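Working notes, structure below.
Bear in mind these aren't lab numbers, they're just calculated from the coordinates by the rules spelled out. Note that the structure is predicted; figures quoted are calculated from it, not measured. Reconstructed Cβ throughout: ideal geometry from the backbone, glycine too, with neighbour counts over all protein chains shown.
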Ligand SMILES: Cc1cc2nc3c(=O)[nH]c(=O)nc-3n(C[C@H](O)[C@H](O)[C@H](O)COP(=O)(O)OP(=O)(O)OC[C@H]3O[C@@H](n4cnc5c(N)ncnc54)[C@H](O)[C@@H]3O)c2cc1C
Ligand code: FES
Ligand code: FES
């Protein structure tokens, strides 16, 4: 029997009928059509499905959609309203932190969560903050550089984006 | 296909478990449940994540630390009471998975899952913690060390659930370490883990020493031999090596898909050594700092005269 779920998805109120064993990643991709969030391993190991659930970084493949009723879900699409890239996304492009791009949406959400918690993260904090996200292309160095760059820019602008 | 029901009061959950226990699968964070689907006879997925009575971290009526079953690992890591009085638990929770997993996975789920590799287990055993179990007929407390009867098996009855974990407060200066070996730093289930908790006494001595190992036996294993060696003795690399040997001797590991018995046995010793050598280094630094302060104070005292 399907379950009714109300979500605030990137700020917009939405209602979905979900299966009892449906995962949030399926709802977001298949029902809301937001395919920025990727499904990689499906078991919490790779982080490609990372989204913010009530502001907390989680793997959408390990969240039961029915349990998210009434929650705010923020996906990579929310970073670029109207298709305008955020400073974080631009930094990824500038630093060459994107190759095949499969890990990128999850990396961006992990970086976003990190920068909300730490305005000036140390190198160690950046690596810790991205530890749940696998990238098989870049070797991580450029991703870390992109996060460092955007943190520095935001600090120079007094915290504004 | 299972059915899904979300209940918001502990009383309703207990009522449901009493009536339908064997067919229910409790869902807290779901990080275990969605990886290893529950057995097919569990046709009702019972969401407990909205029971306020199972949430929160604080002190109970007896002045013990109460960590609600729904507290997620990250919440435990960041809580000031945990930092002050149960540092070892914070260290264990900090080692769980990635931030994504720690934000979602709960302490109750870690215990309810009954995996011998659950990282909070050795920490809670060292801290002398108990679990409060609630059923319609009433509540009972079980020491964490007696919660498991084997891998995946607990003393929980089908009509019971974990309400919270209670940890007696440890006062005085603590030394604690939690070390685990796994596939990858930053996210993995343990091949083996070692937890140690103790009070610090002057002269590089540890007292009230508790040592426990995870994933090297069907259930958590206390290591009385290592505790006895360390108790009240001056910490030294030689003593640490002996304590590590005691861990190796006590381990009863198995071969499985995560690791081999031989590796597990060898690595528990190395894990305890690593943790204790770090503690020794910290204690030495603290002693040097204290000595420096004493000398500065004496010098200032002379200056005034
Ligand atoms: C990628 C990944 C990495 C991981 N890394 C680690 C790690 O490093 N260390 C580690 O220890 N674990 C690890 N885990 C396992 C898991 O995340 C933890 O055990 C977590 O604490 C489980 O909590 P949960 O709320 O998600 O459990 P759930 O999946 O909701 O529940 C787990 C089990 O416990 C039962 N249960 C839940 N709550 C209660 C309750 N209150 N009373 C009785 N039974 C209950 C459920 O019915 C179920 O059988 C990892 C998992 C993944 C997917
Ligand atoms: S798809 Fe969710 S962590 Fe890999
Ligand atoms: S860019 Fe290909 S996996 Fe990261």
Most exposed first by the Cβ proxy, i.e. fewest other Cβ within 10 Å, how do A:23, B:166 rank?
-> B:166, A:23
If you bin every alpha carbon distance in the stretch B:3-167 into 5 Å steps from zero, what whole percent lands in each bin?
-> 2, 9, 19, 25, 22, 15, 7, 2, 0
Tell me, what is a quarter of the convex hull surface for the C-alpha atoms of chain A, in nm² with one decimal?
-> 8.9 nm²
Packing-based exposure ordering (other Cβ within 10 Å, fewest first) of B:178, A:74 | A:74, B:178
Would you mind ranking B:49, B:273 by Cβ crowding within 10 Å, fewest neighbours first?
-> B:273, B:49
For the stretch A:85-156, the percent of all C-alpha pairs falling in each 10 Å bin, from 0 up to the bin holding the max distance, is 22, 62, 16, 0
For the protein assembly as shown, alpha-carbon Rg over 2.2 N^0.38 Å | 1.06
Contact order relative to length for chain B, counting C-alpha pairs under 8 Å separated by 6 or more residues, stands in percent at 14 percent
Cα-Cα P(r), chain B, percent of pairs per 20 Å interval = 33, 52, 13, 2, 0
Span per principal axis, largest first, for the Cα atoms of the stretch B:124-166 (Å) = 30, 22, 10
Summing -39500 (n - 2.57) over every DSSP H run of at least 4 residues in the protein assembly as shown and dividing by its residue count gives a helix-only mean residue ellipticity at 222 nm, to the nearest 500 deg cm²/dmol, of -10500 deg cm²/dmol
So for R0 = 51 Å, FRET eff. of residue A:119-residue B:146 from the Cβ-Cβ r, to 0.05, ends up at 0.65
Quick one: grab the alpha carbon gyration tensor of the stretch B:66-118, order the square roots of its eigenvalues as a ≥ b ≥ c, and give me rounded if a/c is under 1.5, else prolate or oblate depending on whether a/b is larger than b/c.
-> prolate
Here the relative contact order (percent) of the stretch A:85-156, from C-alpha pairs under 8 Å and at least 6 apart, is 48 percent
May I ask for the angle, rounded to the nearest 10°, between helix B:10-20 and the longest principal axis of chain B, with both axes built from Cα atoms and the value confined to 0 to 90°?
-> 50 degrees
For the stretch A:3-78, fraction of C-alpha pairs farther apart than 16 Å, in % | 38 percent
Once the Cα atoms of helix A:141-156 and of chain A are each reduced to a long axis, what angle between those two axes, in degrees from 0 to 90 to the nearest 10, is obtained?
-> 80 degrees
Taking Cα atoms, how many degrees apart are the long axis of helix B:237-250 and the longest axis of chain B, rounded to 10 and kept between 0 and 90?
-> 30 degrees
If you build the Cα gyration tensor of the stretch B:241-287 and take the root of 5 times each eigenvalue, what three semi-axes come out, in whole angstrom, biggest first?
-> 27, 11, 5
Classify the stretch B:91-225: rounded, prolate or oblate, from the alpha-carbon gyration tensor (a ≥ b ≥ c, eigenvalue square roots; a/c under 1.5 rounded; otherwise prolate if a/b is larger than b/c)?
-> oblate
Rg in Å to one decimal, and Dmax rounded to a whole Å, for the stretch B:174-291 via C-alpha atoms = 14.4, 50
Semi-axes, largest first, in whole Å: what does sqrt of 5 times each Cα gyration tensor eigenvalue give for the stretch B:98-137?
-> 20, 15, 9
Averaging sequence separations of C-alpha pairs under 8 Å and six or more residues apart, then dividing by the length of the stretch B:136-259, give the relative contact order as a whole percent.
-> 17 percent
Arrange the peptides B:221-227, B:288-294, A:120-126 so that the one whose residues have, on average, the most other Cβ atoms within 10 Å appears first.
-> B:221-227, A:120-126, B:288-294
